[in-house]
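J.: Questions regarding the structure given below will be posed in turn.
The values are calculated or read from the model by the stated rules, or taken from the named source; none is laboratory data. Not measured: the values here are computed from a predicted model. Protein only, heavy atoms only, side chains kept; ligands, DNA and RNA dropped before computing areas. Shrake-Rupley method; radii C 1.70, N 1.55, O 1.52, S 1.80 Å.
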Amino acid sequence: MDLPGPIHDFLLIFLGLGLIVGALGVVFLPNPIFAAFSLGLVFVCISLFYLLANSPFVAAAQLLIYVGAVNVLILFAVMFLNGSEYYKEFFLLTVGDGITSVVCTSIFVLLLTIILDTSWYGIIWTTRTNQILEQDLISNGQEIGIHLATDFFIPFEFISIILLIALIGAITMARQ
């Protein structure tokens, strides 16, 4: 999107605050339904970030897949669970919580190291003033597929493994 600088900066700050508030809601809200709605807010803010970065295809895919499918599935799964299970006994820290915090902290440190070591000056944000033709959409989709299958294969598979672990955890919680 070709927006003036102050408006673009305001939208970035506004979406960043929405992203942070939604993420904190997912983590700290005791009601799982409200946490799922906060997750929907996070997904919508990420989609709007893609729109600001001139990636309408990725923004539409984010909305359709994550907000339209994954978040609705999470909401239905949470609504089928018994709500009284979450409030029975509350232990401050268990072994699983310790393992989870170690894994999450190590992933956070790894991502922070990668972000700080990356040369961000080589990234060029380009904008188009003309309309995107249908052939451009097809070539952009093909380029995204090629990048996912070559350059971003390991992160793509890493995300799929994380989603598989989350699905197994949801099934385990539902069976209890």
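J.: State whether region 1-84 is rounded, prolate or oblate according to the following rule on the C-alpha gyration tensor (a ≥ b ≥ c being the square roots of its eigenvalues): a/c under 1.5 gives rounded; otherwise a/b larger than b/c gives prolate, and the remaining case gives oblate.
T.: Here region 1-84 falls in the oblate category.
J.: Hey, can you find the accessible area per residue of region 1-84 for me, probe 1.4 Å, expressed in square angstrom?
T.: 61
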